Amino acid sequence: MITFLGLSHLSLCYSAAALCHGKKVLILDHEKEVDLFNKKKNQIYEPGLANILNKFSKNFKISCDFKNIRNSKLIFLAKDIKTDKNNNVLLEETKRLIKKVKIKKNKILIIMNQVPVGFTRNIKWNKNLLYHFVETLIFGQAIRRALNPERIIIGKNRINNKIDDNLLKYLKLFKCQIIDMTYEESELTKGFINTYLASQLITTNFLAEIANKYKSSWNRIIKAINLDKRIGTKGYYKPGLGIAGGNIERDIKTLDRITKCYNIKIKLPDFFIKANKYSKNWINRIISLQKIKNKRISILGVTYKENTLSVKNAVQIDLINKYKQYITAHDTNSKKILNTTNQNIKNSIFKTLEYNLKNSNILIIFHNIDVYKNINLNKYKNIKCIIDPFGIINKKKINKKNYFKLTN
C-alpha cells in the first residue's frame, strides 16, 4: 500500500496514477478535511479523476486514522500548500501532517508538495529514507501528466546516495528518466521550472502588446518564431491575462525573497510580479474607456481556465470584487465552484446564460467551450462591448465595433 498525507488535488491525482499501476492507495488527513470531502463540501475536480477513483474503488481509501500508515512502506506528503493573499507559502498544515506520522522506522517519506528551499533537510527523519519529489502537474491536464511524466526528479540527502530500492521500484513503473540530485537542488528545480514558465508567459504578453502597437499579426509572428528550435514548439506563446492558479506566483514570490535576502541587484522576480499585475489589469483598462451609461457587466467562465474549479488569483475574481454592484456571471460548473471551500464567491453572482446575455451591456468571455463559442451575439442589441481576450468568438459573426481581444 502507498500512503499520501493530505487530501488535495495533488494527492488525488498522484493517487489515481498509483491506482492505475495496480497499487493500493490510502490518503490520510485530519477528520475535518475528510468529513468535508465526504460531504462534497470540498470539491476537487480534474478531468478523468472521478472515473479512475470509481474504477479502482476497492483499492482506494480515505481516512483520518493515522494508525493505518503502518501498512505502507512509501509515504508521500502531497497536500497542496496554501498561500496567503500575497502568495507567500503557509507551512503550518504541512508541518502538522508530518507530526501526525509517529511510526518512522523503515518508512520512506517523500516530500511531494511545494515546499521552500531547505525545508526537506530540516525534517527530523532518517535522511537515508527521506526524499524530495518535483511535481509538475497542470490543472486540467493533471491526470495525464501524473500517469505519463516527462521525467521524475528526486532529491536526496547526498548526491552519491542510492535511491532506496522500494522507492526506485515504484518510480520505474512510470517508464521515464529518473534524475536524482540533492534536496536543495530538487527544491530549487521546482521553483526554477515555474520561473521559466513565468518568463515565457510574461514575455509573450509583453511582445504581443508591442506587435499590437504596429497593428501586426501576433499569430503570423509567433508561427515564424516557433520554428526556432532554441525556443521550441510547446512554449507559452498565446498571450493571456497574467498568471493565475497560485503555483507559479508562489515560486516567483519565493524567488523575490531570495533576491532580497542575498541583495541580488537584478530584480527580475519583482519585474515579473509588476508585469503580471499589468497584464491582469488589461480588461479593467478597456472597461474604463467605455462611454456606456449604467454599465452592466457579465462574465462567461469564472474559474481561471476551463476544466478546473480553481479561482486562485483569477482575473474573474478581481472583476467580481471590483464591479460587484453591477456584475453577474455564468459558469457550467457553478454548483461545484460554490461547493468548493475557500472560494470567495456568492451564489447570487451566478445567473443563467440567457440572463447574462439579455441583461448586460459589457460581455467578457473567458472559457473556450462550445456553449460560449456558438452564441449568436447579433441577437443581443443590448451588448455594446464584447471583451474576448482569447479570440473565442468568430469575429465575422459579430456586428460590433467595440470588440476587443489580446491579439490581432
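The values are calculated or read from the model by the stated rules, or taken from the named source; none is laboratory data. Just so it is clear, the model here is predicted, and its values are computed rather than measured. Ideal geometry is used to build each Cβ from the backbone, glycine not excepted, and the neighbour counts take in all protein chains shown.
Quick notes on this one:
- Number of the condition not met by residue 217 [criteria: (1) surrounded by 14 or more Cβ atoms within 10 Å (Cβ to Cβ); (2) small (Gly, Ala, Ser); (3) in contact (Cβ under 8 Å) with a residue 40 or more places away in the chain]: (1)
- Selected residue (criterion: surrounded by the most Cβ atoms within 10 Å (Cβ to Cβ)) from residues of the range 125-143 that are under 21 Å from residue 166 (Cα atoms) and out of contact with any strand residue (DSSP E or B) (no Cβ under 8 Å at 6 or more places or on another chain): 135
For every residue, the table says whether it meets (1) at pLDDT 95 or above; (2) of a type in the set (A, V, I, L, M, F, W, C).
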| residue | (1), (2) |
| --- | --- |
| 129 | yes, yes |
| 134 | yes, yes |
| 144 | yes, no |
| 158 | yes, no |
| 162 | yes, no |
| 197 | no, yes |
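- Leading residue by the ranking (surrounded by the most Cβ atoms within 10 Å (Cβ to Cβ)) among those in the range 70-81 that are within 17 Å of residue 9 (Cβ to Cβ) and in contact with a strand residue (DSSP E or B) (Cβ under 8 Å, 6 or more places away or on another chain): 76
- Restricting attention to the range 280-300 and to residues that are assigned to a helix (DSSP H, G or I) and without any contact (Cβ under 8 Å) to a residue 24 or more places away in the chain, the residue that is nearest to the chain's Cα centre (by Cα) turns out to be 285.
- Residues (of a type outside the set (S, T, N, Q) and in contact with a Gly (Cβ under 6 Å, 6 or more places away or on another chain)) located in the range 295-323: 304, 312
- Cβ-Cβ under 7 Å pairs, at least 6 apart or on other chains, the range 42-56 side not assigned by TED's automatic domain parsing to the domain that holds residue 308 and part of a loop (DSSP other than H, G, I, E, B), far side surrounded by fewer than 18 Cβ atoms within 10 Å (Cβ to Cβ) and among the charged types (D, E, K, R): 43/336; 45/336
- Flag for residue 351 being out of contact with any helix residue (DSSP H, G or I) (no Cβ under 6 Å at 6 or more places or on another chain), among the basic types (Lys, Arg), surrounded by 16 or more Cβ atoms within 10 Å (Cβ to Cβ) and at pLDDT 95 or above: yes
- Candidates 66, 37: the one that is surrounded by fewer than 21 Cβ atoms within 10 Å (Cβ to Cβ), of a type in the set (A, V, I, L, M, F, W, C) and over 25 Å from residue 310 (Cβ atoms) is 66.
- Residue 386 vs. criteria surrounded by 13 or more Cβ atoms within 10 Å (Cβ to Cβ), farther than 17 Å from residue 311 by Cβ and not assigned by TED's automatic domain parsing to the domain that holds residue 85: yes
- Just one of the listed residues (265, 238, 277) is touching a residue at least 12 places away in the same chain (Cβ under 8 Å), farther than 16 Å from residue 362 by Cα, exposed (fewer than 14 other Cβ atoms within 10 Å of the Cβ) and of a type outside the set (Ser, Thr, Tyr), and it is 277.
- Members of the range 82-116 that are crowded, with 20+ Cβ neighbours inside 10 Å, of a type in the set (Val, Ile, Thr) and assigned to a loop (DSSP other than H, G, I, E, B): 115
- Within the range 249-262, considering residues that are surrounded by 14 or more Cβ atoms within 10 Å (Cβ to Cβ) and either hydrophobic (A, V, I, L, M, F, W, C) or outside any helix (DSSP H, G or I) (or both), the one nearest to the chain's Cα centre (by Cα): 252
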